[in-house]
Each structure stands twice: as C-alpha cells, then as structure tokens.
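A short worksheet on the structure shown next.
The values are calculated or read from the model by the stated rules, or taken from the named source; none is laboratory data. Predicted model, so just to flag it, every value in this text is computed and none were measured. Here the Cβ positions follow ideal geometry from the backbone for every residue, glycine too, while neighbour counts run over all protein chains shown. For accessibility, only protein heavy atoms count, side chains too; no ligands or nucleic acids. Shrake-Rupley method; radii C 1.70, N 1.55, O 1.52, S 1.80 Å.
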Amino acid sequence: MTELRDHLMALADKAVAAGEGPRQAAPHPVNDVMISHWTEAMGDRNPVYAGPDAVAPPVMIQVWSMEGLSRDPAREFRRPMDDVFDALDEAGYKGVVATNCEHTYHRYLSTGEELTSSTRMVDMVGPKRTALGEGYFVTWNVTWFSGDEPVAEMMFRLLKFQPVVPAEKAKREPYPLRPAVNDDTRFFWDGVQAGELRIQRCGGCGELRHPPGPVCPSCRSAERTHIVASGAGTVYSYVVHHHPPVPGQEPPFVVAVVELPEGVRMVGNIVQCPIEEVYVGMPVRVTYQEMDDELTLPMWAPIPEEA
Ligand code: ZN
C-alpha cells in the first residue's frame, strides 16, 4: 500500500515538476455563433453578449478549448497529469467526481480572438477516506491565452476513488480451472459446497469407490449412493509440481494422492505446509479452499500426528 502510494506520489511530483504542458489551439476563434448558442441555452439576455461589438460571456471560457466528440483519438497530445490518471486507474481508483472548479477572468474576450490553452498539474493529496471510497484529490490549472497574454484561468479539482463495492457484490477473478461436473460427479461437488467430503457407494454391493463412475466395477450395478467421509487421510504419494505453469497456481506446489481410512484414495493439493515438510504417511485433514465466488476445492492440510 505504501509502495503504491509512493509510486503514485512520485508520478504526481513528476507531473507537477513538468510545469505547464504544451499549448493547445482552440478549434475555433471566439465567434458570435457559438456565443449566441450559449446565451440562448443559458437564457442569458445580457446585451453585451449580442450585436456587432459583442464580447463573450467569461464563464464560456472552457467552451472555446473543448475538442468535441469527433476529435482524433490518435492525437499525441497529453496533459501533464495524464500519466497520474492512468496509474490511478490501473491501481483501481477508477471512480471520478469533480469537487472544485474556480474560474478567474483577466478580461473580456472579443469575437475573432484566437485562443490557446495549457494545463499544469498543481498537486495530488491522498489517499483520503471519503464516503465514496478511498481516493486521491488531483488538482490542476488551465490557463487560456490570447497570443501570449493570459486571459483566463481555471483551477479544477477532482477525486479519483476506489468505488466501495458492497461485500455481496465483490466478485473475485474466476479460477481458471473448473472441475468437470456431470451426473456421475455432481453429488461430490455438491458435497464440497456443503463442506462434506462424499464418497460414492454402490447401491448393489455397497462398495465405496473414487473417482465416481456410472457403474460398479465389482457388481455392474448402476445404482449408487454416497457416504460422507470423516475428512481424515494420509499422504500415500505426492509430487512437487514445478513445471509446466498451471493457471491460478503459484509453483512449486504439492499434489498428493491421499489415502482415506474409508478405503479410497483421492488426489488433491497439500496446503498450509512447507513443501520440504511433506512426506509419505503424513496425516492430513481435508480443508475447503474457496478458489473464487463459485468454486470451492477440497485440499489437504497437515494435522499433528497425536490428533
Ligand atoms: Zn457394486
């Protein structure tokens, strides 16, 4: 967390130190058509904004430098704080809300004036806890120029925040490997969800078998039911998996064949145990690992030999 904050702050300091960004030319000179549209939309009938000697409403200042919807998406132009915004997005601070906007006007603008504008980052403060979520306040300043004369300025502050997600809606990344659930295995996975380790039992001869199958290998009966295992086991055999990479698993990890006192063997990962401490004959107990919001996998953790 501190590392992330340091990273974000370093980017912010760099953006502040970069000072004023490049000057961007406004797409159109100050003109009576846009002034007329604006005053009509706002219901502003002040006569100084109409007629041959009209001036532009000062509060329109941002309108002159707006790029419009059809701007070139491949444009190279970046503002000094865009790297900071990208990093905030990447770190999960995707929410945005404007908190402050202050205009300063140095003089009225007349039709025909060609404007440019440039941006400089002022500062970044955070992380702060807010009602919306934890976030950083980013402040920047835009200056508009007519020629080289500054004619207006705007201080703009917004909050980039990590939206608070209600706990029940918090979705984890889906675990990439899903078990094959079918009519033969569904009882097993339903059991895992319920915190039970189930073993298939033949409805004919009563033999237990794992992995589950449609027909009893001993008596050929297709009738089947299940029992709930105690959850105890011992490591019958194991491998330490280094390669190839397995999605969602950090190698090396241990995959074991675990012998159950009920008489069947199951394959599963050994967890909560340093790899070098795993041994054949190690007593283990089943543990249920939530891999994502839907999938739980049974794995095996060591238990003290006395237990
Ligand atoms: Zn049978």
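Here the accessible area of segment 2-161 is 53 percent carbon and sulfur, with a 1.4 angstrom probe and all protein chains present. Each residue of the chain gets 232 Å³ once the volume of the Cα convex hull is shared out per residue. Between the helical axis of 2-17 and the longest alpha-carbon principal axis of the chain there is an angle of about 20 degrees.
Checking Cβ-Cβ separations below 4.7 Å across the chain identifies Cys101, Cys273 as cysteines lacking any candidate disulfide partner. Rolling a 1.4 angstrom probe over the protein heavy atoms with all chains in place gives the chain an accessible area of 58 Å² per residue.
Would you pull out the residues with amide H under 5 Å of Ala26's amide H, same chain only if 5 or more places away, H placed 1.01 Å from N? HN-HN under 5 Å from Ala26: Leu115, Thr116, Ser117. Electrostatic bookkeeping for Asn100 treats Lys and Arg as +1 and Asp and Glu as -1; over the other residues with beta carbon under 15 Å from its beta carbon, the sum is 0. For Val151, the amide hydrogen comes within under 5 Å of the amide hydrogens of Trp144, Phe145, Ser146, counting only partners 5 or more places away or on other chains and with H modelled in the peptide plane. Residues whose amide H falls under 5 Å from that of Met291, counting only those 5 or more places apart or on a different chain, are Thr296, Leu297, with hydrogens built in the peptide plane. Quote the FRET efficiency, to the nearest 0.05, computed for Ala194 versus Val257 with a Förster distance R0 of 30 Å and r equal to the Cβ-Cβ distance. After rounding, the FRET efficiency stands at 0.80. His242 sits with roughly 120 Å² accessible to a 1.4 Å probe, with DNA, RNA and ligands left out of the calculation. If R0 equals 41 Å, the separation of the Cβ atoms of Ala10 and Asp148 corresponds to a calculated FRET efficiency of about 0.80. Taken along the Cα-to-beta-carbon direction at a fixed 7 Å, the label points for Val164 and Ile303 span 4.2 nm. Sorting Glu290, Glu3 by accessible area puts them as Glu3, Glu290; the probe is 1.4 Å, largest comes first, and only protein heavy atoms count. Remark: the Asp123-Glu223 segment gains 28.8 nm on full extension, using 0.36 nm per residue and subtracting the alpha carbon distance. The equivalent ellipsoid of segment 2-161 has semi-axes of 34, 17, 14 Å, largest first, where each one is the square root of 5 times an eigenvalue of the Cα gyration tensor.
Here the chain is treated with +1 on each Lys and Arg Cβ and -1 on each Asp and Glu Cβ, and its dipole about the Cα centre works out to around 720 debye. The slack between Asp53 and Tyr105, meaning 0.36 nm per residue of separation minus the straight C-alpha distance, is 16.8 nm. Once the Cβ-Cβ distance of Phe77 and Glu294 is raised to the sixth power relative to R0 = 41 Å, the FRET efficiency obtained is 0.40. Neighbours of Arg178, meaning other residues whose beta-carbon lies under 11 angstrom from its beta-carbon, give a summed charge of -2 when Lys and Arg score +1 and Asp and Glu score -1.
One chain, two ends: Ala18 and Ser36. Fully extended at 0.36 nm per residue, the span grows by 2.7 nm beyond their Cα-Cα distance. Within the shell defined by Cβ-Cβ distances under 13 Å, the residues around Val125 carry a net charge of +2, with Lys and Arg each +1 and Asp and Glu each -1. Axis angle, to the nearest 10 degrees, between helix 32-42 and the longest C-alpha principal axis of the chain: 60 degrees.
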